[in-house]
1. Out of TYR8, TYR42, TYR49, I need the residue that is over 27 Å from ILE186 (Cα atoms), in contact (Cβ under 8 Å) with a residue 12 or more places away in the chain and not acidic (Asp, Glu). Which one?
2. May I ask you to verify whether LYS40 is open to solvent by 70 Å² or more (accessible area, probe 1.4 Å) and modelled with pLDDT under 90?
3. Conditions first: (1) modelled with pLDDT of 95 or more; (2) under 24 Å from PRO183 (Cα atoms). ASP70 passes all but one, so which condition is the exception?
4. Every residue in segment 103-121 that is without any contact (Cβ under 8 Å) to a residue 40 or more places away in the chain and part of a helix (DSSP H, G or I), please.
5. Tell me the residue from LEU9, LEU46, LEU66 that is open to solvent by less than 80 Å² (accessible area, probe 1.4 Å), of a type in the set (A, V, I, L, M), at negative phi and in contact with a strand residue (DSSP E or B) (Cβ under 9 Å, 6 or more places away or on another chain), please.
6. Would you check if LEU91 is assigned to a helix (DSSP H, G or I), more than 17 Å from the chain's Cα centre (by Cα) and more than 30 Å from GLU160 (Cβ to Cβ)?
7. Only residues that are part of a helix (DSSP H, G or I) and either in contact (Cβ under 8 Å) with a residue 60 or more places away in the chain or surrounded by 16 or more Cβ atoms within 10 Å (Cβ to Cβ) (or both): list them for segment 14-32, please.
8. Report yes if ASP51 is closer than 20 Å to ASN79 by Cα, open to solvent by 20 Å² or more (accessible area, probe 1.4 Å) and either more than 25 Å from the chain's Cα centre (by Cα) or modelled with pLDDT of 95 or more (or both), otherwise no.
Amino acid sequence: EESETDKYLSSSKDLCSYIGRSKKECLSLSRHETLFQAFKLYRSALSRYADTIRSKLPPEKDGLVLKGNDEKTVCLIINTADYCRQITQQLADSIRKDIVPSFVSKIDVTTQLDEFGSVQAKAFVALVSCVETRLETGLGQMVSVQWSKMEPESVMDQSEYVNTISTILGGSIPIYNSHLSPPLLIYFCESFVASFLKKVEKAVYRCRHISEGGA
């Protein structure tokens, strides 16, 4: 589910609000062992939440197809995991300031930060795989071109496979632009380009002998 004002799963806001209220109440009672025990509960809750949103992601596989709102959900999970990483770090920093010095060294959220980072990584892989699956049609058209028989005068301004790839990207990227935060959209684009170029390279090697006109 998505709240009306942002691009995060609203459950993450609920969790973080609960942790914030609980921490405030705990501080009114103790800055010693009680606060530390509360921190361990917050840390456990964050880990469970990371597992929960990870379970909403599609399995990693070749030929991944996302339909309907699936892509939007993956985008929201990416944003949510990023938001939770920030909140987790802020929580640790604030408790280090509030708790008595003898407990400061025990305030560690490395595992939780890694867990949310892992969720993001898996979600990005899903989006990249989804788009690459759609683009297989365009790559197939490229491979099927009779490159060895192509003459300079027969070369068009834009080949059919280029049109196909352009159309598919034109239908996919705006979805991600609408639902991913700008820095995460940039990261997706960089990840996609790096991965897709490898597939293009493999497709080029599958092409038959390329004439001078085809080149």
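The values are calculated or read from the model by the stated rules, or taken from the named source; none is laboratory data. Model, not experiment: these values are computed from the prediction. Positions of Cβ are backbone-derived with ideal geometry, glycine not excepted, and every protein chain shown enters the neighbour counts. Side chains are part of the model used for accessible areas, which takes the heavy atoms of the whole protein and leaves out ligands, DNA and RNA. Shrake-Rupley method; radii C 1.70, N 1.55, O 1.52, S 1.80 Å.
1. Working: TYR8 fails: over 27 Å from ILE186 (Cα atoms); TYR49 fails: over 27 Å from ILE186 (Cα atoms).
Going through TYR8, TYR42, TYR49 in turn, the sole match is TYR42.
2. Values: open to solvent by 70 Å² or more (accessible area, probe 1.4 Å): yes; modelled with pLDDT under 90: no.
Against the criterion (open to solvent by 70 Å² or more (accessible area, probe 1.4 Å) and modelled with pLDDT under 90), LYS40 does not qualify.
3. (1)
4. As a first pass, look at segment 103-121 and keep what is without any contact (Cβ under 8 Å) to a residue 40 or more places away in the chain: 104-105, 108, 110, 113-114, 117, 121.
Correct list: VAL104, THR110, LEU113, ASP114, GLY117, ALA121.
5. LEU9
6. Working: assigned to a helix (DSSP H, G or I): yes; more than 17 Å from the chain's Cα centre (by Cα): yes; more than 30 Å from GLU160 (Cβ to Cβ): yes.
So LEU91 fits the description; yes.
7. Narrowing segment 14-32 to residues part of a helix (DSSP H, G or I): 14-27.
Within segment 14-32, LEU15, CYS16, ILE19, LYS23, CYS26, LEU27 qualify.
8. yes
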